[in-house]
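Structure first, then comments.
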Amino acid sequence: MFSNLPRALFIIAAVLFAFGCSKEEHGHGPGDGHDHSKDEHGHGPGDGHDHSKDAQHGGANAVAGSYEDWCGEHEVPESKCTRCNSALVAAFKATNDWCAEHGLPESQCVKCDPTRKMVRPPKPAGK
């Protein structure tokens, strides 16, 4: 009856470790044994993205659809970026705008449609 218990405990521990470890929740940082050269999306230095905080994400007070409402990391409006804000996923799924194969809104999925491109609104004059 208990002969499979060690194997089950090992599998449970491995799953918890693989899916439960995040640097934000556990206070990981430099010197913790983890590779921090890439962010949570697998991006890192030399990948062609501008990784400065201002270049990556729209400001907290950005108006949806404005120039400031832009996720430079994923090239979509910040207010619609499910990779940065997973709370948005349910709304896209509810409107049948979801690519289950690639894990992002179908309206943003360039893997399904390589011609699809999100265009950042123009910068307002004088800014």
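Here, each number is a calculation from the coordinates, and none is a lab measurement. Predicted model only: the values in this text are computed from it and were never measured.
Data overview
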| read-out | value |
| --- | --- |
| Long-range HN-HN contacts of Cys71 with modeled amide H, under 5 Å | Gly58, Val76, Glu78 |
| Other-chain or far-sequence residues with amide H under 5 Å of Leu104's (modelled H) | Cys99 |
